[in-house]
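What follows is one structure encoded as structure tokens, with my remarks underneath.
The values are calculated or read from the model by the stated rules, or taken from the named source; none is laboratory data. These figures come from a predicted structure and were not determined experimentally. As a convention, Cβ positions derive from the backbone with ideal geometry for all residues, glycine included, and neighbour counts pool all protein chains shown.
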């Protein structure tokens with residue numbers, strides 16, 4: 001039988017169902033990958049750590065800068081407190097303090113996690129652990145500080161900007177209608193009256209008493225022993241040890257190793273940190289722009305504030 005010199009075998013044609021199956025499978029794989037990315041980013045934005053797979057880990061939370069909001073640190077403390085793989089928590093502190101109420105709220109959250117979750121929490125002061133930051137540290141099981149760290153500043157400060165002279169220079173008048181003698185106390189357009197001075201001093205004194213008492217409670221001592229140290233001044237870590245303001249002179253590494261040993265972790269401990277805040281171009285594009293372009297109307301809107309802060 002004659003055959004042509006070149007014979008081509010025809011491949012069977014694929015059915016439409018085959019191509020639909022391939023496309024569908026690819027879509028499922030891409031969908032899973034996309035879901036995984038969204039889940040990962042979601043965890044990061046919520047402050048959850050993506051590191052550490054072991055069961056014996058030390059959670060490290062950064063307490064840095066001026067403390068004005070307790071929510072973020074409280075959330076991180078709760079998550080580490082609820083995580084059974086986290087055997088202890090270290091608060092790595094480098095802060096001059098901040099808002100009185102925010103510092104106090106974090107202090108109580110530290111105590112709650114220690115008591116309810118039976119989890120050890122240690123403070124490690126880097127350069128500064130003053131005022132509200134020291135308030136928080138005093139709630140911990142123990143406090144470490146470097147020899148040259150700045151520690152203490154137990155005291156309260158209240159401040160605001162008085163721009164009454166600016167108003168008068170610009171021939172502007174502040175019109176306030178109120179009921180109650182002290183309703184407009186602290187109005188930055190007029191000088192503080194003697195009555196307002198007494199009023200505000202009473203508030204500051206009350207907060208000062210709370211600060212002293214809470215530090216005494218956290219340090220397992222009495223108010224009477226803390227009061228001589230509650231002058232608003234700071235001490236170095238080296239000076240703080242004999243005063244009873246800290247428990248150990250040493251850096252973060254010493255705090256980490258000692259804490260790991262105290263909770264039964266042998267060898268090099270695994271450190272877990274909450275995911276960092278958003279940074280870079282994405283954060284810039286998704287922000288409301290308030291940091292870059294502040295509202296001019298807010299520049300003079302500086303009401304009186306109470307602070308546990310070293311200046």
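The C-beta contact set for the range 149-169 (first residue at negative phi and in contact (Cβ under 8 Å) with a residue 12 or more places away in the chain, second residue in a strand (DSSP E or B) and surrounded by fewer than 21 Cβ atoms within 10 Å (Cβ to Cβ), distance under 6 angstrom, 6+ apart or interchain) comprises 151/235; 158/306.
With respect to residue 104, determine if the residue is over 30 Å from residue 265 (Cα atoms) and at pLDDT 70 or above. So residue 104 passes the test. So, residue 192, is that one modelled with pLDDT under 95 and in contact with a strand residue (DSSP E or B) (Cβ under 6 Å, 6 or more places away or on another chain) or not? Answer is no for this residue. Tally the residues that are buried (at least 19 other Cβ atoms within 10 Å of the Cβ) and in a helix (DSSP H, G or I), restricting the search to the range 75-93. Count: 4.
Residue-wise test of (1) closer than 18 Å to residue 130 by Cα; (2) modelled with pLDDT under 90.
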residue: 211; (1), (2): yes, no
residue: 228; (1), (2): yes, no
residue: 239; (1), (2): yes, no
residue: 246; (1), (2): yes, no
residue: 251; (1), (2): yes, no
residue: 258; (1), (2): no, no
residue: 261; (1), (2): no, no
residue: 275; (1), (2): no, yes
residue: 309; (1), (2): yes, yes
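If you take the residues of the range 283-298 that are under 22 Å from the mean Cα position of the chain (by Cα) and part of a helix (DSSP H, G or I), which of them is modelled with the highest pLDDT? Selected residue: 286. When both residues are 6+ apart or on different chains and their Cβ atoms are under 6 Å apart, which pairs have a first residue that lies in the range 180-200 and is at positive phi, and a second that is surrounded by 15 or more Cβ atoms within 10 Å (Cβ to Cβ)? Going by the 6 Å Cβ cut-off, the qualifying pairs are 186/304. Filtering the range 244-257 to residues that are without any contact (Cβ under 8 Å) to a residue 40 or more places away in the chain and either assigned to a helix (DSSP H, G or I) or touching a strand residue (DSSP E or B) at 6+ places or on another chain (Cβ under 6 Å) (or both) leaves 253, 257.
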